[in-house]
1. Answer yes or no: is there a residue in the stretch 399-412 that is more than 14 Å from ligand 3 (Cβ to nearest atom), modelled with pLDDT under 95 and of a type in the set (Val, Ile, Thr).
2. Of everything in the stretch 142-153, what is surrounded by 14 or more Cβ atoms within 10 Å (Cβ to Cβ) and in a helix (DSSP H, G or I)? Give them in sequence order.
3. Restricting attention to the stretch 488-516, and to residues there that are touching a Phe, Trp or Tyr at 6+ places or on another chain (Cβ under 9 Å) and of a type in the set (Lys, Arg), which single residue is farthest from residue 45 (Cα to Cα)?
4. So which residues in the stretch 336-366 are of a type in the set (A, V, I, L, M) and touching a residue at least 40 places away in the same chain (Cβ under 8 Å), if there are any at all?
5. Among the residues of the stretch 12-21, are any under 22 Å from residue 399 (Cα atoms), among the basic types (Lys, Arg) and crowded, with 21+ Cβ neighbours inside 10 Å?
6. So residue 353 fits all but one of (1) touching a strand residue (DSSP E or B) at 6+ places or on another chain (Cβ under 8 Å); (2) surrounded by fewer than 24 Cβ atoms within 10 Å (Cβ to Cβ); (3) closer than 28 Å to residue 229 by Cα; (4) of a type outside the set (Lys, Arg); what number is the exception?
7. Going through the stretch 444-461 one residue at a time, which ones are more than 8 Å from ligand 3 (Cβ to nearest atom) and either small (Gly, Ala, Ser) or in contact with a Lys or Arg (Cβ under 9 Å, 6 or more places away or on another chain) (or both)?
8. Exactly one of (1) under 16 Å from the mean Cα position of the chain (by Cα); (2) away from ligand 3 (no atom under 16 Å from the Cβ); (3) charged (D, E, K, R) is unmet by residue 372. Its number?
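The values are calculated or read from the model by the stated rules, or taken from the named source; none is laboratory data. All values derive from a computational prediction rather than experimental measurement. Here Cβ is always computed from backbone atoms with ideal geometry, including for glycine, and neighbour counts include all displayed protein chains.
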Amino acid sequence: MTSPILVPVLGDQLSRNISSLDGLSPAQTRILMMEVWDEATYVKHHKQKIVLIFAAMRHFAAELRAEGWQVDYIRLDDPENTGSFTGEVVRAVERHAPSEVRVTESGEWRVARAMEEWEGRLPCPVTILPDTRFIATHADFRNFADGRKHLTMEYFYREMRRKTGLLMRRDGNPEGDQWNLDAENREPPKEGLRAPPAPKFTPDETTRAVIELVGTRFADHFGDLEPFGWPVTRDEALEAAEAFFTRRLALFGPYQDAMVHGEDDLYHSMLSTSLNIGLLDPLELCRRAEDEYRAGRAPLNSVEGFIRQIIGWREYVRGFYWHQMPDLAEANELAANRPLPEFFWTGKTDMRCLADCIRTTREDAHAHHIQRLMVLGNFCLLAGINPRDVQDWYLAVYADAYEWVELPNVSGMILYADGGNLATKPYAASGNYINKMSNYCKECSYSVSKKTGEGACPFNPLYWHFMDRHRDRLESNHRIGRIYATWDRMDDEKKSDYLESAQKFLDSLEPARKGWARD
Ligand code: FAD
Ligand code: DLZ
Ligand code: SF4
């Protein structure tokens, strides 16, 4: 082959429809895939996340080769491996003297900045193409955001419904005459609520080799290595999706916010890991969900709820990330400065809700949305944990975590660190909310009904401590300001009981030792 086009395909671009391969033939192309130390360690990812990416990359490379593509696949342990994307692209250019390097834009700011420097370092042109796996382009988001005071997701979501036609009627109105059925997505769990299990996939020889590699090379990273059951090929991901549509979707809506001890994922899809690396396409999933509604097999609140998560939240946070970076990574509106407690890594806490969410995170590299938001996130918000520690934790521990989706959720949704651009109010809640939406409290060593003092659920005093210390910032917020009338009606003794209980609890937190998230 003379002067091929070199196409680096990153670990979250494992799709035959990736824009960098569009219009190319195997004869003119050299694909480059690389397992690199920098990506595996810029935060110390959960072991299963590294297995997922490397195993999916190796399977994808094998599929491409079977179709006739020429793939340079650089393994982590290849002796010449430089450990970075840039180093490997430079080496591949030296090997093949390509006429052009063509790549799909990176999902992350950090890597996008590195890619922008390739042109200056390489003797050939570099073309960076848009990532067409997303429904909203960067320009779509800019058009939505320009001139708006608040970047409310709801209005963006409606534009995405119109753009895709999903759950739209011919007359231009939404199916069911309502855009958003969120109010029908909040059923507390019934006694004994159990969901059909999500499929787990037995690792084949390729995946087993990666498990061994990760067990050896990343032994000090957080999380259980096995059992590993995530889909690592498109066929497996499609099987997981089908299982969701036929067995879980119908009850996804009502129980979207419910939490049950031991039922880690309830009716959630467990598809984010496959979606985020390109094994599944967001639109194909939404159209499949819509089919279930049209065939009368799933109700509107479930199907709209699922579609909203994908063309609403997922697209929105991606647009928001690129719109707000790089400032978003540094934002700390509430001046939160407490270090993350050690128990986020060890799971050793008497708070049963937190212990359970951390356990599922350690075992599966996954926790569902309300666990991430209203248990773990709510704790970080109320306790005033600094955004940098929280970002590192979420980025490291979840198999679906990439900065474009993690950061807006962490800094915007849970911490209010962006000053309310993403969330119109902080998602602050006392133990009451967790008690209503879960069965955690029944067997907790704290009492959720006790407000202060020994044995009181820590969320109760922490809630008022948070409200009190941020009064200046939050009182004028029309969605939360009314809460101060309740605070003001309390007598001074009760107020100081709350504040003292919270302070005592905060003082008892042991900060995480260095080295969990980064070396
Ligand atoms: P389901 O509940 O079945 O939802 C379907 C799909 O909708 C998901 O697969 C996901 O692609 C999308 N989705 C749902 N909620 C969101 C959201 N808030 N933002 C973006 N997409 C969403 N999701 C990630 O993919 N990666 C992350 O790093 C990530 N970090 C998060 C951090 C915090 C603090 C919070 C509150 C949420 C985070 N989420 C993240 C969103 C959400 O929790 C996960 O997408 C979800 O738990 C994945 O499980 P699932 O596939 O079963 O989701
Ligand atoms: C997350 C990750 C990890 C752990 N390792 C690799 C890798 O070795 N090679 C690779 O191509 N991609 C990896 N990834 C995913 C990248 O971090 C991701 O592609 C970039 O962050 C861009 O979004
Ligand atoms: Fe969590 Fe409080 Fe309930 Fe215990 S009592 S499970 S700490 S909300």
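1. Residues of the stretch 399-412 more than 14 Å from ligand 3 (Cβ to nearest atom): 399-412.
Those still in the list that are modelled with pLDDT under 95 too: none.
Within the stretch 399-412, not a single residue is more than 14 Å from ligand 3 (Cβ to nearest atom), modelled with pLDDT under 95 and of a type in the set (Val, Ile, Thr).
2. 144, 145, 153, listed by residue number.
3. For the stretch 488-516, the residue satisfying everything is 495.
4. Going residue by residue through the stretch 336-366, those that are of a type in the set (A, V, I, L, M) are 336, 340, 351, 354-355, 358, 365.
Those that are of a type in the set (A, V, I, L, M) and touching a residue at least 40 places away in the same chain (Cβ under 8 Å): 336, 340, 351, 365.
5. Let us first name the residues in the stretch 12-21 that are under 22 Å from residue 399 (Cα atoms), namely 12-16, 18.
After this cut, where a residue has to be among the basic types (Lys, Arg) as well, the list is 16.
In the following step, the residues that additionally are crowded, with 21+ Cβ neighbours inside 10 Å were identified as none.
No, the stretch 12-21 contains no residue that is under 22 Å from residue 399 (Cα atoms), among the basic types (Lys, Arg) and crowded, with 21+ Cβ neighbours inside 10 Å.
6. The one condition residue 353 does not meet is (2).
7. Taking the stretch 444-461 first, the residues more than 8 Å from ligand 3 (Cβ to nearest atom) are 449-456, 461.
Within the stretch 444-461, 449, 451, 452, 453, 455, 456, 461 meet the criteria.
8. For residue 372, the failing item is (2).
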